[in-house]
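Chemist: Sharing a structure with you now.
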Amino acid sequence: MMLTGYCPIYECEPLPDPEAQPYHHRWLIVDQDGRALSAKQRPKLKEIQLSLSFGYLVLKGEGMLRMDIPLDVIEDDESVVSEIHAGMRRLRIVDEGDLAAAWISNFLGVQGRLVKIHPDEKPL
């Protein structure tokens, strides 16, 4: 299947919105061990509805309230920065917090966290 847009969250459905291009693969969902979840493992990833609105990445899912994640935040709080391995790469990531983790976990039915690839890193 050919990419028909840009996918802010790795393994979720792409957005046809050209404004999403700078955010392509900037976020991913990781399990409790810090491993990226794939749509093959968790098909519900493809059911997360994404959009951009007024400086936010908006997540929607059936039966869930919407979740708004700021797009362009300067990461200056080192307490939320950690590292993960993604394939052959070691990446610095920024955890989007407990509220986002609760949303992801409730929607997917498995413990997960929404993390953003640190702005100094190349996206996946």
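The values are calculated or read from the model by the stated rules, or taken from the named source; none is laboratory data. Quick caveat, the model's predicted, so the values are computed rather than measured. Glycine gets a Cβ as well: all are built from the backbone with ideal geometry, and neighbour counts include every protein chain shown. When the accessible area is computed, the model is the full protein with side chains, heavy atoms only, and any ligands, DNA or RNA have been set aside. Shrake-Rupley method; radii C 1.70, N 1.55, O 1.52, S 1.80 Å.
Chemist: Among the numbered conditions (1) within 13 Å of Ile9 (Cα to Cα); (2) at pLDDT below 95; (3) open to solvent by less than 40 Å² (accessible area, probe 1.4 Å), tell me where Leu114 comes up short.
Modeler: (2)
Chemist: So which of Leu50, Leu71, Leu57 ends up being open to solvent by less than 60 Å² (accessible area, probe 1.4 Å), touching a Gly at 6+ places or on another chain (Cβ under 8 Å) and touching a residue at least 40 places away in the same chain (Cβ under 8 Å)? Steps first, answer last, please.
Modeler: On the way: Leu50 fails: touching a Gly at 6+ places or on another chain (Cβ under 8 Å); Leu57 fails: touching a Gly at 6+ places or on another chain (Cβ under 8 Å).
Testing whether each residue is open to solvent by less than 60 Å² (accessible area, probe 1.4 Å), touching a Gly at 6+ places or on another chain (Cβ under 8 Å) and touching a residue at least 40 places away in the same chain (Cβ under 8 Å) leaves just Leu71.
Chemist: Turning to a different aspect of this structure: Restricting attention to the stretch 45-61, does a residue exist that is acidic (Asp, Glu) and out of contact with any strand residue (DSSP E or B) (no Cβ under 9 Å at 6 or more places or on another chain)?
Modeler: yes
Chemist: List the pairs whose first member sits in the stretch 1-30 and is without any contact (Cβ under 8 Å) to a residue 60 or more places away in the chain, whose second member is part of a strand (DSSP E or B) and polar (S, T, N, Q), and whose Cβ atoms are under 8 Å apart, counting only residues at least 6 apart or on separate chains?
Modeler: Listed pairs, sorted by first residue: Glu13/Gln49; Leu15/Ser51; Asp17/Ser51.
Chemist: Any idea which of (1) under 16 Å from Arg26 (Cα atoms); (2) exposed (fewer than 14 other Cβ atoms within 10 Å of the Cβ) is the one Leu99 doesn't satisfy?
Modeler: (1)
Chemist: Do we find that Ile84 is in contact with a His (Cβ under 9 Å, 6 or more places away or on another chain) and either in contact (Cβ under 8 Å) with a residue 12 or more places away in the chain or aromatic (Phe, Trp, Tyr) (or both) in this structure? Step through it out loud before you land on a result.
Modeler: Working: in contact with a His (Cβ under 9 Å, 6 or more places away or on another chain): no; either in contact (Cβ under 8 Å) with a residue 12 or more places away in the chain or aromatic (Phe, Trp, Tyr) (or both): yes.
No; evaluated as a whole, the condition is false for this residue.
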